[in-house]
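A.B. asks: The structure under discussion is supplied below as structure tokens; questions concerning it will follow.
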Amino acid sequence: MIGKITGKLISKNNEHLVIDVGGLGYEVFVTEKILAAMATIDHNQEVSLFTELLVKEDLLQLVGFLSFREKKWFNILKSVQGVGAKVALAILNNLTPEDLLKSVRMKNEIAFKSVSGVGPRMAQRIIVELSGRKEIMTMGSLKQVSDDALEINTEENDLILIQESHKDALSALQNLGFKHNEAQEAIEKISKEISGADASEIVKYALRFLAKGSN
């Protein structure tokens, strides 16, 4: 398994990146959202992505993610009957891990309406199959009281989601080649203006902030 890849970004198109690792160019397929985040990254700059290797009959394909949580949700979604890699990526292109967590817990099928290839029946199947899973129920913002009982503290839930978004955004920016201090500073600066934003939004605005700072 190739779980993570770090190397120089040598090319990108509308569906994948090519990352040079020790003279080997790895083709890594990513979502449009990640491609947009990579827009300000120069060629030959070091990047790092969490990856999942898809094995097909006649093809080996690497799929990349900015955070481990995105990779985890990719595999969770693929475990749902009828949801393949293409649909799972389409979902992650439209919904963040935070959005997915809220949607499953609140049984909000409408959240999937904007995802191409996911109709009402598939959205319902995703909610039904995932809502009872222990791995979903014990993710991040839920406090486990016992093996059989869980309770949610709304204020604590919101605070933890914010902290997780900042942590994921920091990790993503570092994976894109930025130093910890400059990435942290960018997140702190923009968080005052876009409070409550998810990780992908924070990364987008942080990249703009960092781009201005380098001019």
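A.B. asks: Using alpha-carbon pairs under 8 Å, 6+ residues apart, how would you state the relative contact order of the stretch 3-141 in percent?
C.D. replies: Taking the mean separation of contacting Cα pairs over the length of the stretch 3-141, I get 17 percent.
A.B. asks: For the stretch 17-79, run through the GluC sites (Glu not before Pro) and keep only the ones in DSSP coil with at most 12 other Cβ atoms within 10 Å of their Cβ.
C.D. replies: Glu57
A.B. asks: I would also like to ask the following. Would you please name the chymotrypsin sites (Phe, Trp or Tyr not before Pro) within the stretch 29-78 that are DSSP coil residues with at most 10 other C-beta atoms within 10 Å of their C-beta?
C.D. replies: Nothing satisfies the criteria.
A.B. asks: From Cα pairs below 8 angstrom and at least 6 apart in sequence, can you work out the relative contact order of the stretch 63-133, rounded to a whole percent?
C.D. replies: 29
A.B. asks: Same structure, new question: Over 20 Å between Cα atoms: which of Lys179/Lys212; Lys189/Lys212; Lys33/Lys134; Lys8/Lys72 fall into that group?
C.D. replies: Correct reply: Lys33/Lys134; Lys8/Lys72.
Where a number appears in this text, it was derived from the coordinates with a stated rule and is not lab data. Just so you know, these numbers come straight off a predicted model, no measurement behind them. As a convention, Cβ positions derive from the backbone with ideal geometry for all residues, glycine included, and neighbour counts pool all protein chains shown.
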